[in-house]
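The values are calculated or read from the model by the stated rules, or taken from the named source; none is laboratory data. Source: prediction; values computed, not measured. Here the Cβ positions follow ideal geometry from the backbone for every residue, glycine too, while neighbour counts run over all protein chains shown. Protein only, heavy atoms only, side chains kept; ligands, DNA and RNA dropped before computing areas. Shrake-Rupley method; radii C 1.70, N 1.55, O 1.52, S 1.80 Å.
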Amino acid sequence: MEIIDPHMHMVSRSADDYQRARMAGVECCIEPAFWSGTDKEYAGSFFDYFEQIIDFETQRAERAGGMSHYVTIGLEPKEANYREMAEEVLEGIPEYLDRENVVGVGEIGFDQQTEDEEWALREQLRMADERELPVIIHTPHTDKPSGTERIVEVIEDEGVTQERIVIDHNTAETIETSLTTDCYVGFTLYPGKIEAEAAIDLLEEYGTDKMLFNSAADWDPSDPLAVPKARDKMLDRGWDREDVKKVVFDNPYEFFDQSPNFDYERP
């Protein structure tokens, strides 16, 4: 069963990880711009990083694993708090959104739920909506329920197209808030976010419409095979293959197929 992983930070992984993920069924991945482990000091550092994931990582994914690789570009919330630098980064983001394998804006959202984070979230939501691009929204690690509620308030206040947004990193504490919207709902199978068994439990309770899994593989303990393993757990628990495929392939495909630059062909 083919898989699209809509949130893999493969810049932090080895070529072997591309190969293993491809052998496990991941045919396509989307790499969102994210916090790189240390706060950047210069806007130019963001632009170098954007170039790296747009060009080098896309080539490496094909070379190492025969995998289709796309990118979303954005100023993640943690570094939005350096307002002067953040303003310069946001001025430069639009030109990257026109690159051929850039399929959306993200990840954006909240870290500490500051005024500067909300400013950056609103600005980038507008950028995406003007260009009719998908958006990946990061719910915060701390105070996640209140942060998710505030994200929903901002989305509704901005009046942007909710079907082009995925609210990510959901847990049992946030799913009902996310489901008050028309946004897609993401579960990040990653230590400290949600385990696969708990995410599958939530799908059994709330259904599979607009639900999707991702791995967020990065430098910390994480697993680029998290989505294939969750696929297998669902099958082991007796899920119908078509229902599993909806979560690990159809839903992420339909979400990113809203982008004019997403040209991945379904097998």
| Residue check for Glu163: of a type outside the set (A, V, I, L, M) and either assigned to a loop (DSSP other than H, G, I, E, B) or surrounded by 24 or more Cβ atoms within 10 Å (Cβ to Cβ) (or both) | no
| task | Using the structure shown, decide if Gly37 is open to solvent by 10 Å² or more (accessible area, probe 1.4 Å), of a type in the set (Gly, Ala, Ser) and in contact (Cβ under 8 Å) with a residue 40 or more places away in the chain. | result | yes
| request: Answer with yes or no whether Ala15 is of a type in the set (A, V, I, L, M, F, W, C) and touching a Leu at 6+ places or on another chain (Cβ under 8 Å). | output: no
| said: Condition first: open to solvent by 10 Å² or more (accessible area, probe 1.4 Å) and at pLDDT below 95. Can you find one or more residues in region 224-237 that meet it? | reply: no
| note | Scanning region 191-221 for residues that are open to solvent by less than 30 Å² (accessible area, probe 1.4 Å) and over 17 Å from Val247 (Cα atoms) gives Ala217, Asp218
| note | Per the filter on region 7-34, residues open to solvent by 10 Å² or more (accessible area, probe 1.4 Å), under 29 Å from Pro94 (Cα atoms) and in a loop (DSSP other than H, G, I, E, B) are Arg13, Phe34
| said: Tell me whether region 145-152 contains one or more residues that are surrounded by fewer than 24 Cβ atoms within 10 Å (Cβ to Cβ) and not in a helix (DSSP H, G or I). | reply: no
| query | Does Leu125 satisfy the condition of being among the aliphatic types (A, V, I, L, M) and assigned to a loop (DSSP other than H, G, I, E, B)? | reply | no
| query | Can we say Thr72 is open to solvent by 40 Å² or more (accessible area, probe 1.4 Å) and not aliphatic (A, V, I, L, M)? | reply | no
| task | Spot the failing condition for Pro267; the list is (1) buried (at least 18 other Cβ atoms within 10 Å of the Cβ); (2) under 30 Å from Leu97 (Cβ atoms), and only one is missed. | result | (1)
| request: Take the residues in region 158-188 that are among the charged types (D, E, K, R) and closer than 13 Å to Asp129 by Cα, then tell me which one is nearest to the chain's Cα centre (by Cα). | output: Arg164
| said: Quick check on region 252-259. Is at least one of its residues in contact (Cβ under 8 Å) with a residue 40 or more places away in the chain, open to solvent by 10 Å² or more (accessible area, probe 1.4 Å) and closer than 20 Å to Met127 by Cβ? | reply: yes
